Structure formats: structure tokens, C-alpha cells
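Single-structure report; data block below.
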Amino acid sequence: MPQQSLLIRDVPPRERPRERMLQEGPRSLSNQEVLAIILRTGTKKESVLQLAGRVLAQFDGLPLLKDATVEELCEINGIGEAKAVELCAAMELGRRIHSMITEERFVIRSPEDVSKFVMEDMRFLTQEHFVCLYLNTKNQVIHRHTVFIGSLNASIVHPREVFKEAFRRSAASIICLHNHPSGDPTPSREDIEVTKRLFESGHVLGVEVLDHVIIGDRKYISLKEQGYLT
């Protein structure tokens, strides 16, 4: 049986997203309701809540929606170019705010701190990203640099690229990290080889490699804690 269309005016006022947000605050809203507020209007045949639900279903939730393009959004019935641009702009604004909050002299004193700093950015990536965090003498992050994208290989992740940025930024130390798209952060042989090579190079160059953290899906492994940085 086809789903009955329900226009927003048919929804009781207390249950409408805008009214709920005003009365109960934004944290009380579901993802669908927040999206409905951004979309503002539905179509002639469905409410904005139903349209928001279809958008989320199309991308299987927020993780994929946050990277959706204008063209992909416009393929959804009821989403024109204007709505697609507004959605993309909202996602970009959220990214920039998150970046401002996390990158303002974030202090790293443990692998858990590394995880907090990058987990939400990196656990959804579909390719491996090898990233370096450059720290000052107070263990504050002064720069974040993606060194390489692709399968990790000791011959590709060259110490030259890692330490060149350290000297440019006058960094006191480095934390290396990369993600495993599988979600399993268990280190591979290549991970261990890269770690040992960078650690030894840092010892020679006078810029300590403090750790190499592998990011999985809400899980991480510190190669320092595993005993590979000795």
C-alpha cells in the first residue's frame, strides 16, 4: 500500500520541527527534523519531513550525506538546485565549525587525544590517508598535513615528505596516523615498517616521532603502546 502523503500543516503544531526546536532546543530534534528545517518546504505530494526522510534514506544517513554533491542531491525527486546548494552549504559550515573547534591549539598527551582529534574526520574515509600532526614544545597541534592518500607502503611514505613540513613549521615533535577503511585498526607489516623507518629518521634529525596511531571505526591502536617505537 503506498504511503499516505502528509503535509506539514497536517502535523500538530507541537510536533513540527521548527516549533519543537523553539520550545525544546535543537538537541531534541532527530536528524530528519534538522534536515527538514534546512529544506524548509516539501513537495505538492509530501511534507518536508517526508522529503527529509527520503534524502537520509538515499544516502543511508548522515555519514554519506555529508559528502554528497549538488549533482547527487538533485537526482532526488523534490530536491532542486537551490535546495541542493543550501544542503551542501550547511554541511560545509558544519565542517568548518568543527575544524575551528578541534584545531585551536589542541593538546595531545595520549593516543586517546589523537583519536578524539581525528576520529570523526577519518573513520568514514574510503581510502587510506597518511596524516601527520606537528606539535610544539607544549604538545599543542600547530599543523595537520595529509602526506599521502592510498595504500600504505614504506617506499611511498618517505621521511623527506614528513620531516620537510616539520622543519617548515618549526615543530618539536610529530605524531603520525592513518586510517584503515575496513574499520579494523590492527597494524599490518607495512604499518610497522613505516613506523620504524620514521622513528629512526626522527631520532637522527632531532624531531621526535611520538607515536603512529591507526584509526579504525571508533577504534584505534597506538604503535607506541604496542612497543614498536623503541
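The values are calculated or read from the model by the stated rules, or taken from the named source; none is laboratory data. Note that this is a predicted model, so its numbers are computed, not measured. FYI the Cβ positions are ideal-geometry reconstructions off the backbone, even for glycines, and counts take in every protein chain you see.
Screening Ala84 with (1) touching a Cys at 6+ places or on another chain (Cβ under 6 Å); (2) over 30 Å from Thr41 (Cβ atoms) gives one miss only, at (2). Can we say Val157 is over 17 Å from Ser110 (Cβ atoms), assigned to a helix (DSSP H, G or I) and β-branched (Val, Ile, Thr)? Criteria not met by Val157.
Can you tell me how many residues within the stretch 110-140 are over 23 Å from Leu62 (Cβ atoms) and of a type outside the set (Val, Ile, Thr)? So that I can check it myself, show each step before the final result.
We begin by selecting, within the stretch 110-140, every residue over 23 Å from Leu62 (Cβ atoms); these are 110-114, 130, 132-140.
Remaining after also requiring of a type outside the set (Val, Ile, Thr): 110-113, 130, 132-136, 138-140.
Number of matching residues: 13.
Table: residues versus (1) among the hydroxyl-bearing types (Ser, Thr, Tyr); (2) out of contact with any Phe, Trp or Tyr (no Cβ under 9 Å at 6 or more places or on another chain); (3) modelled with pLDDT of 95 or more; (4) not assigned by TED's automatic domain parsing to the domain that holds Arg109.
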| residue | (1), (2), (3), (4) |
| --- | --- |
| Phe163 | no, yes, yes, no |
| Ile175 | no, no, yes, no |
| Ser182 | yes, yes, no, no |
| Thr186 | yes, yes, yes, no |
| Ile192 | no, no, no, no |
| Thr195 | yes, no, no, no |
| Val207 | no, no, yes, no |
| Thr230 | yes, no, no, yes |
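Only one of the numbered conditions (1) under 23 Å from the mean Cα position of the chain (by Cα); (2) without any contact (Cβ under 8 Å) to a residue 40 or more places away in the chain is not met by Arg169, and that is (1).
When residues in the stretch 65-116 are screened for being modelled with pLDDT of 90 or more and assigned to a helix (DSSP H, G or I), 25 of them pass.
Return a yes/no flag: does the stretch 51-73 have any residue that is of a type in the set (Ser, Thr, Tyr) and buried (at least 16 other Cβ atoms within 10 Å of the Cβ). Looking through the stretch 51-73, none of the residues is of a type in the set (Ser, Thr, Tyr) and buried (at least 16 other Cβ atoms within 10 Å of the Cβ).
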